[in-house]
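S.K.: Pasting a structure here, questions to come.
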Amino acid sequence: MPPIFAFDKMQDGSGYSVNCCDQGHQAAALRKIFTLSKMTWNEIQNAPRHGLGTEKIARKAIKAAIPIDVTEDVTFLALRYNGKAPMVGYRDGRTFHVLYLDHTFTVYDH
């Protein structure tokens with residue numbers, strides 16, 4: 001099954017929301033989401049991490065504020081959306097909850 005992308009937990013004004021990015025990053029994120037929505041989670045997991053794939057990010061590595069309703073058991077994932085710029089969030093079944101568009105490479109140490 002392909003992923004579904006959700007932005008309901010993204011915090012506007014955090015410095016990492018869609019509204020905090022320039023149009024180039026916004027367009028790149030949309031193009032990447034469109035591409036990833038045509039793949040299965042298995043295909044994404046098997047793709048190169050700096051391409052269409054993903055990588056795990058340790059919770060303790062996240063420097064940005066984590067929304068209070070994101071529980072401790074969540075595994076953070078990075079999906080590259082614009083070159084090596086990652087969108088960071090977590091997977092819940094088919095849904096990928098996008099929390100941050102890390103257009104400044106400051107959400108975690110890269």
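Where a number appears in this text, it was derived from the coordinates with a stated rule and is not lab data. Predicted, not measured: the structure shown is a model, and the values here were computed from it. FYI the Cβ positions are ideal-geometry reconstructions off the backbone, even for glycines, and counts take in every protein chain you see.
S.K.: Suppose we filter GLU72, GLU55 for residues that are assigned to a strand (DSSP E or B) and surrounded by fewer than 18 Cβ atoms within 10 Å (Cβ to Cβ); which single one remains?
M.R.: Matching residue, one of GLU72, GLU55: GLU55.
S.K.: Hey, another quick one. Mind telling me which of the residues PHE105, PHE5, PHE34 ends up being in a strand (DSSP E or B) and not polar (S, T, N, Q)?
M.R.: Selected residue: PHE5, the only one of PHE105, PHE5, PHE34 that is in a strand (DSSP E or B) and not polar (S, T, N, Q).
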